[in-house]
Amino acid sequence: MNDGGTICGDVGWPLEAVVWTDAESLILHCIKDAPVNTAQDVNNAGVIVGWGGQGVGWCEAVVWPNAAARMVLLSKVLGRNSPFFLLVEATAVNDVGAVVGYGIVGANGVPDAAFLAIPE
C-alpha cells in the first residue's frame, strides 16, 4: 500500500493484476507473452511492480508505469553489462522508482540472485 491508500494484488484465475484506490479498482494491462500476472507493490507515484507469465513455470519481473499504462517486461530493458539472464519477479518499488526482486544469473534456470534496478 502506498501513502495515498492505493493497494495492489491479483484477482481470479488466471491471475490478473489489479490496483484498488478509494474510488475504483482497475485490472492492469497485460501483454500476450504474460497473460497471467500479479502486482506486488505500488509506490507513491503510482508505479506498480510484480510478475507476469504464462501461468505454468515461467514468469518475468514486470512494471506498470501507472495503472493505465502497458506492462513492461524488465528483462527487456536490462543493460548490456547486466549479469542477469532473466529477471523473474519484481517485489518492491520505492518512491524514486528503484525496483528490487530476484532473477537468474547463470544458464541453470534457477532464480538465484537478488537485483536492484535503478531507473536512468
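The values are calculated or read from the model by the stated rules, or taken from the named source; none is laboratory data. The structure displayed is predicted, hence computed values, not measured ones. Cβ placement follows ideal geometry from the backbone for every residue including glycine, while neighbour counts extend to all protein chains displayed. Accessible surface areas use protein heavy atoms only, side chains included; no ligands, DNA or RNA. Shrake-Rupley method; radii C 1.70, N 1.55, O 1.52, S 1.80 Å.
Quick notes
- Net charge, residue 58 excluded, C-beta distance under 14 Å - Lys, Arg +1, Asp, Glu -1: -2
- Within the full protein context, the accessible area of residue 15 is estimated at about 30 Å² for a probe radius of 1.4 Å.
- Among the GluC sites (Glu not before Pro) found in region 24-93, those both in a DSSP coil and sparsely packed, with 10 or fewer other Cβ atoms within 10 Å of their Cβ, are 24.
- Listed residues 9, 21, 78: farthest to the positive end of the dipole of the chain (Cβ charges): 78
- Per residue, the accessible area of the chain comes to 55 Å², computed with a 1.4 Å probe over protein heavy atoms only.
- Largest to smallest accessible area among 120, 16 [probe 1.4 Å]: 120, 16
- Peptide ranges 65-75, 32-42 listed from the most packed, as the mean C-beta count within 10 angstrom indicates: 32-42, 65-75
- Solvent-accessible area of region 1-93 (1.4 angstrom probe, protein heavy atoms only): carbon and sulfur portion equals 54 percent.
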